[in-house]
Amino acid sequence: MIEMRLLEILSAFAETGTQAAAAEKLHISQPTLSTAMRQLELEIGVPLFVRTKNRMSLNENGKTAAEYANRILAEGMKMRSHLQEMERKNHTISLATCSTSALSRMTMLITQAFPEKQLTTAFCSESDEMIHELNQERFTFIITDFPVMDEHYYGFQCYVEHLVALIPDDQPESGQSSVSLEELRIHQMLGFSNGGAWDRYIRRKLGDDGFIPQTNFSDYCSLINNLPVWAFASDTYVNSLSVPPRHKAVPVSEEDAHLDYWCSCLKKNKKEADRLRSFL
C-alpha cells in the first residue's frame, strides 16, 4: 500500500518542477524528499524520474503516476470532508423558520428534545429557498406557514399563532375582547417587518398605508416598551415576553388572523421529527 505522504511528495514535485521547490512547499528537507522519491519508485516497481547530473524530471511513467496521485489525493480530501460533515450532522440539529416567533418557540422545543446536540438556526422569509436547502440537507427541520406536501418529506403541524393588537391602555379599544382590522385601519400601526408570514398577511389585508414597519427587532421592542404606540404582535410574543407597559393585548377578530405552522424534514429524518413532535 502506497503511503499518502509519498503521493503528496510526487504531486508537489509535479506541480513545482524541482526538488528544492517541492521540499519548500511541503516544509521538508531536500534529502528527505529525495529519499521519498526513491522509496516511491521501489514501491511501484517502475522508474518515475529522469535523473541527470544537475536536474531531475518526471518520465512518462512519472507523469501518469502524478495524475493518479492527484486524483487519489483529491478523493482523500473529499472523503475527509464528507466524513467530517457527517460527524457534524450527527451532533447538530439545524433549523430554518419563516417566523421569528416560530424560531423562538421551536428553539426551546428542539433544545428540550435533543439536549445532546448543538442547534443552529436561521430565519428565511422565502419558503422555496428553505425547501431547497432542506433538499440539500443543510437544514434538519424547516418551519413554514403551510404544509410541505411531497412524498420526499415528512411533516406535522407544530402550533398555531394568533395576531393581536397592542393598544395603549388609555384608548377605548383596549377594553374590548377583540378588535377588527377595519377598526385598526384608522391607526398608525407599528409592526416588525421581516418579510415573514405575518408581515405578508398584514400587508395583504391593510396594504402599506397605516403600517409602520420596523426591520430591526430590537428597535421594535424598544418602541413598544417605551412609547404608547399602536402595534401588531402575536400571542406567542405576548406569552413569551409579556405585554409591554401601558398596553393591552387585544386579539384581532378576523377568522383568518392566525398562522398554522408546520415542521417538515426529509423522510430519512422521520425518527428525529417524531422525537421532536413528542415534546409539543
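Output the residues belonging to the stretch 153-168 that are surrounded by 13 or more Cβ atoms within 10 Å (Cβ to Cβ) and not aromatic (Phe, Trp, Tyr).
Correct list: Gly155, Cys158, Glu161, His162, Leu163, Val164, Ala165, Leu166, Ile167, Pro168.
Out of the residues in the stretch 96-144 meeting the condition of being part of a loop (DSSP other than H, G, I, E, B) and either of a type in the set (A, V, I, L, M) or within 10 Å of the chain's Cα centre (by Cα) (or both), tell me which one is surrounded by the most Cβ atoms within 10 Å (Cβ to Cβ).
Residues of the stretch 96-144 part of a loop (DSSP other than H, G, I, E, B): 98-99, 114-117, 124-126, 136-140.
Now restrict to residues that are either of a type in the set (A, V, I, L, M) or within 10 Å of the chain's Cα centre (by Cα) (or both): 124, 137-140.
Numbers: Cys124: 19, Glu137: 13, Arg138: 14, Phe139: 26, Thr140: 23.
The residue in question is Phe139.
Against the definition (over 26 Å from Val250 (Cα atoms) and modelled with pLDDT under 90), how does Glu129 come out, yes or no? Break it down into steps so the answer makes sense when it comes.
Values: over 26 Å from Val250 (Cα atoms): yes; modelled with pLDDT under 90: no.
Taking the combined requirement at face value, the residue does not satisfy it.
Show me the helices (runs of 4 or more DSSP H) found entirely inside the stretch 1-93 where at least 1 residues are acidic (Asp, Glu) and at pLDDT below 90. Walk me through it before giving the result.
Values: elements: 4-16, 19-26, 30-44, 60-90.
Passing ranges, in order: 60-90.
Can you spot a residue in the stretch 41-48 that is in contact with a strand residue (DSSP E or B) (Cβ under 9 Å, 6 or more places away or on another chain) and in the same structural domain as Leu73 (by TED's automatic domain parsing)?
yes
Any residue at all in the stretch 247-268 that's part of a helix (DSSP H, G or I), in the same structural domain as Gln112 (by TED's automatic domain parsing) and either free of Cβ contacts under 8 Å to residues at least 40 places away in the same chain or closer than 30 Å to Phe114 by Cβ (or both)?
Yes; the residues of the stretch 247-268 include at least one that is part of a helix (DSSP H, G or I), in the same structural domain as Gln112 (by TED's automatic domain parsing) and either free of Cβ contacts under 8 Å to residues at least 40 places away in the same chain or closer than 30 Å to Phe114 by Cβ (or both).
It is to be established whether one or more residues within the stretch 207-217 are modelled with pLDDT of 90 or more and out of contact with any His (no Cβ under 8 Å at 6 or more places or on another chain).
No, because not a single residue in the stretch 207-217 is modelled with pLDDT of 90 or more and out of contact with any His (no Cβ under 8 Å at 6 or more places or on another chain).
Does the stretch 182-224 hold any residues that are surrounded by fewer than 19 Cβ atoms within 10 Å (Cβ to Cβ), among the hydrophobic types (A, V, I, L, M, F, W, C) and over 25 Å from Glu126 (Cβ atoms), and which are they?
Scanning the stretch 182-224 gives Ile186, Leu223.
Quick check: is even one residue across the stretch 119-130 over 23 Å from Asn194 (Cβ atoms) and not small (Gly, Ala, Ser)?
No.
State which residue pairs qualify: first residue farther than 15 Å from Asp169 by Cα and inside the stretch 233-246, second residue part of a helix (DSSP H, G or I) in any location, beta carbons under 7 Å apart, and separation of 6 or more residues or different chains.
Ser234/Ser101; Ser234/Trp198; Thr236/Ser101; Thr236/Arg105; Tyr237/Ser101; Ser240/Ser104
Exactly one of (1) surrounded by 21 or more Cβ atoms within 10 Å (Cβ to Cβ); (2) of a type outside the set (Val, Ile, Thr); (3) over 27 Å from Arg185 (Cα atoms) is unmet by Lys270. Its number?
Tallying (1) surrounded by 21 or more Cβ atoms within 10 Å (Cβ to Cβ); (2) of a type outside the set (Val, Ile, Thr); (3) over 27 Å from Arg185 (Cα atoms), Lys270 fails exactly one: (1).
When you scan the stretch 226-235, how many residues do you find that are outside any strand (DSSP E or B) and either surrounded by 15 or more Cβ atoms within 10 Å (Cβ to Cβ) or not assigned by TED's automatic domain parsing to the domain that holds Trp198 (or both)?
Kept after step one, since they are outside any strand (DSSP E or B), are these residues of the stretch 226-235: 226-229, 235.
From what is left, the residues that are either surrounded by 15 or more Cβ atoms within 10 Å (Cβ to Cβ) or not assigned by TED's automatic domain parsing to the domain that holds Trp198 (or both) are 228-229, 235.
Summing the residues that are outside any strand (DSSP E or B) and either surrounded by 15 or more Cβ atoms within 10 Å (Cβ to Cβ) or not assigned by TED's automatic domain parsing to the domain that holds Trp198 (or both) in the stretch 226-235 gives 3.
If only one of Val238, Val243 is in a helix (DSSP H, G or I), at pLDDT below 95 and in the same structural domain as Val164 (by TED's automatic domain parsing), which one is it?
Among Val238, Val243, only Val238 is in a helix (DSSP H, G or I), at pLDDT below 95 and in the same structural domain as Val164 (by TED's automatic domain parsing).
Is one or more of the residues making up the stretch 42-51 more than 43 Å from the chain's Cα centre (by Cα) and more than 18 Å from Leu7 (Cβ to Cβ)?
So far as the stretch 42-51 goes, yes, one or more of its residues are more than 43 Å from the chain's Cα centre (by Cα) and more than 18 Å from Leu7 (Cβ to Cβ).
Condition check ((1) within 13 Å of Ala257 (Cβ to Cβ); (2) over 36 Å from the mean Cα position of the chain (by Cα); (3) of a type outside the set (D, E, K, R); (4) not in a strand (DSSP E or B)) across all residues:
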| site | (1), (2), (3), (4) |
| --- | --- |
| Ser177 | no, yes, yes, yes |
| Glu182 | yes, yes, no, yes |
| His187 | no, yes, yes, yes |
| Gly191 | no, no, yes, no |
| Tyr201 | yes, no, yes, yes |
| Lys205 | yes, no, no, yes |
| Asp209 | no, no, no, yes |
| Ile212 | no, no, yes, no |
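The values are calculated or read from the model by the stated rules, or taken from the named source; none is laboratory data. A quick note: this is a predicted structure, and the numbers were derived from the prediction, not measured. Here the Cβ is made from the backbone with ideal geometry for all residues, glycine too, and neighbour counts use every protein chain on show.
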